[in-house]
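Here the structure is laid out as C-alpha cells; the discussion comes afterwards.
The values are calculated or read from the model by the stated rules, or taken from the named source; none is laboratory data. A quick note: this is a predicted structure, and the numbers were derived from the prediction, not measured. Positions of Cβ are generated from backbone atoms using ideal geometry, with glycine treated the same way; all protein chains shown enter the neighbour counts.
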Amino acid sequence: MEKSYISIENVSKVFQTRKHSIAALKDISMRFEKGEFVSIVGPSGCGKSTIIRMVDDIIKPTEGSITVDGFTYDNNVPLSSEQIQKLGFIFQIPNLYPWFTVKENVMLPLKIYGKDLKEYDERANSLLDGVGMLEYANAYPAEISGGMSQRIGVIRGMIHSPDILMMDEPYGALDESTRETLNMELLKIWKDTGTTIIFITHNVEEAVLLSERVYVMESHPGRVIADIKIDLGEERTLDLIGEERFGEYCTEIENLIGKIELAKIK
Amino acid sequence: MKINSKAVNICAPIIVIILLIILWQIICTVTNISFHVLPKPGEVGTALVENFRGTILLDTMASVKVMLIGYCIAVPLGFVIAAISSQFTLAVRSIMPVLIILMLTPMATLVPIFKLFWGVDPTLKILIVVLQCTPVIAVNSLSGFIYVPEAKKELMRALGCRKWESFFRVTVPNAMPQIFTGLKLGCILCTIAAMSADISVGQGGLGYRIQVASSLSATDLAYAAIVVAAILGVALYMIVSVIESRIVTWK
C-alpha cells in the first residue's frame with residue numbers, strides 16, 4: 001500500500017514507571033496527507049500528545065514505526081536531522097527559555113539548525129508583529145504575561161516555515177477572543193503555505209471549525225475509534241459555528257467521546 | 001528616596017558598619033576593657049596603617065595568592081566533576097554524598113596528615129583551599145544540572161539536539177542560579193580555608209599574622225589582619241556577585 005505523507009503504523013507506547021507499566025497507546029495507525037489539517041480529539045489520557053511527540057521523535061514508540069515524507073523511524077532508528085527541520089512543534093505550555101529574550105526564543109530553532117539569523121530577521125519581526133508582540137522583542141519571558149508567552153511559543157514553532165506543524169493544545173491557556181483570533185490566523189497560514197497541520201485539542205468545536213478531518217480517540221489504552229471527514233468547504237469562518245451541519249459534526253464527535261466516558265463509568 | 005533604590009542598597013550596609021564601629025568604641029570606653037583583649041577601633045586603624053608596608057601588605061599578597069590560585073582551580077574542577085557526574089544517574093547517587101562529606105570536613109584539620117606526606121610545602125595551602133571550595137561548587141552545580149524541567153529538555157529533543165548540545169544550551173543556563181550560589185559559597189569557604197591554612201601551615205599570610213600577633217599580645221595588629229581578611233572575602237564575593245548580575249540578566 002502506498003504510504004501517506006505521514007504514516008503512523010501499528011504504534012504502541014508503554015510508559016515504565018518504578019512500579020507499573022502504563023499502556024498509553026495500543027496499536028495505533030493514522031495517516032496524514034500533505035497539506036491536510038487534521039485534529040485529534042479525545043478524553044484526557046488518551047495519548048493525543050504522545051502521538052505527536054512520537055512523530056517529532058521527542059519520545060520513541062515501544063512498537064511500530066512512523067514514516068514522514070518517505071523516511072521511516074522507530075524505536076531504534078532516529079529521525080534524521082535533515083527531516084527534523086521539516087517539523088514544527090508547538091507545546092501546550094509556552095516552554096520559553098527564561099535566559100533568552102522573546103526574540104531569541106523565537107529564533108532558537110534557526111540557531112540550532114545553523115541558519116543565517118539575519119536572513120530570518122524580517123520574518124521574525126513580521127511574526128512577532130502578527131501576534132502583537134514586536135514591541136516586547138527584547139523583553140525576557142519573566143517580564144511578559146502567560147498569554148503573551150504562549151503566543152511566542154506558537155510563532156517559535158513556525159519560524160523555520162516547517163512543512164508539518166504539530167500543535168499540542170496550543171491555545172488552551174488563552175482567553176476565548178485571543179483563541180479565535182489565533183485560530184483564524186492559523187487557518188490563513190495553513191491556506192497560504194500549504195503546511196500539514198496536526199492539531200491536538202479537547203475542544204470539539206475548535207476541531208470541527210479548523211479541520212478537514214478529525215481523529216477521535218478513547219483512553220486506557222489510547223486507541224483511534226473514529227476518523228471523521230469534516231465536509232464544511234474550504235472557507236472556514238466563525239460564522240460556521242451557527243450552521244446546522246457544524247452542529248451535527250460536533251454532536252457526532254461529542255457523542256463518541258460521551259459514549260467512551262459513559263462506558264468507563266459503567 | 002525609594003527603599004529599594006541603588007543608593008539605599010549601597011548606603012544601608014555602610015551605615016550599619018559605621019554604627020557597629022561606634023558601638024565597639026562605646027563598649028571599649030565604657031567598660032574600660034584591656035587593650036590586649038579588645039583594642040579601640042582607632043587603635044586597630046593605627047596598627048593597620050603603621051604595619052601596612054612592613055607586614056600586612058606582604059601577608060595580604062600571600063593570602064590573596066593562595067585564595068585566587070585555589071579558587072581558580074576549584075571553580076573549573078567543581079564544574080567538571082558536576083558536569084560529568086550529572087550525565088550518569090549512578091554517578092549522581094554515588095558522588096553526591098561523598099561531595100557533601102568533603103564539603104562539611106574542615107580541611108585545615110587534615111594539615112597534620114598532609115604534612116606527613118609532603119612536609120611543610122607552601123602549595124599545601126592551595127591544596128586546602130581547593131579541597132574546601134571544590135565540593136561546594138560541585139554540589140550546587142550538580143543540583144542545578146540534574147533538576148532540568150522535562151519540558152525544557154523536550155524542546156531540545158523536538159529541535160533534534162544531541163545530548164551534549166542540549167547540555168550546553170539548556171542544562172547549563174538553567175543551572176546558572178545554582179552554579180552562582182556554589183561560586184559565592186566557594187568565596188566564603190575560600191577565605192576561611194586560606195586563613196585556616198595560614199594558621200596550620202605557617203609561612204606567612206594573614207592567618208599566620210593573626211596567630212603570631214595574638215601570641216605576642218599585639219592584639220591591635222591581629223584585629224587589623226582580621227579586618228583585611230574580611231575585606232578580602234567580601235571583595236571576592238562582590239566580584240562574583242557582579243559577574244552573576246552580568247550573566248544572569250533574566251531574573
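Remarks
- Verdict on B:PHE52 being free of Cβ contacts under 8 Å to residues at least 60 places away in the same chain and among the aromatic types (Phe, Trp, Tyr): yes
- Counting only strands (runs of 3 or more DSSP E) that sit completely within the stretch A:147-255, zero hold 3 or more residues that are small (Gly, Ala, Ser), in contact with a His (Cβ under 6 Å, 6 or more places away or on another chain) and within 30 Å of A:GLU82 (Cβ to Cβ).
- Yes/no for B:THR134 being buried (at least 19 other Cβ atoms within 10 Å of the Cβ) and either free of Cβ contacts under 8 Å to residues at least 24 places away in the same chain or in contact with a helix residue (DSSP H, G or I) (Cβ under 8 Å, 6 or more places away or on another chain) (or both): yes
- Matching entry among B:THR123, B:THR60, B:THR105, B:THR109 (being closer than 20 Å to B:THR191 by Cα, crowded, with 17+ Cβ neighbours inside 10 Å and β-branched (Val, Ile, Thr)): B:THR60
- Only residues that are more than 20 Å from the chain's Cα centre (by Cα) and either within 14 Å of chain A (Cβ to nearest Cβ) or among the aliphatic types (A, V, I, L, M) (or both) were counted in the stretch B:218-245, giving 3.
- Matching residues, the stretch A:78-122, being hydroxyl-bearing (Ser, Thr, Tyr), in contact (Cβ under 8 Å) with a residue 24 or more places away in the chain and touching a Phe, Trp or Tyr at 6+ places or on another chain (Cβ under 8 Å): A:THR101
- Selection status of B:SER215, in contact with a helix residue (DSSP H, G or I) (Cβ under 6 Å, 6 or more places away or on another chain), small (Gly, Ala, Ser) and either surrounded by fewer than 21 Cβ atoms within 10 Å (Cβ to Cβ) or within 14 Å of another protein chain (Cβ to nearest Cβ) (or both): no
- Odd one out for A:GLY233 among (1) modelled with pLDDT of 90 or more; (2) surrounded by fewer than 18 Cβ atoms within 10 Å (Cβ to Cβ); (3) within 21 Å of A:THR196 (Cβ to Cβ): (1)
- In the stretch A:128-145, residue farthest from the other protein chains (Cβ to nearest Cβ) [restricted to those that are in contact (Cβ under 8 Å) with a residue 40 or more places away in the chain and within 21 Å of A:TRP99 (Cβ to Cβ)]: A:ILE144
- The residues of the stretch B:60-110 that are under 19 Å from B:MET176 (Cβ atoms) and of a type in the set (Phe, Trp, Tyr), listed by number, are B:TYR71, B:PHE79.
- Listed conditions (1) in contact (Cβ under 8 Å) with a residue 24 or more places away in the chain; (2) touching a helix residue (DSSP H, G or I) at 6+ places or on another chain (Cβ under 7 Å); (3) more than 13 Å from chain B (Cβ to nearest Cβ) are all met by A:ASN125, apart from (1).
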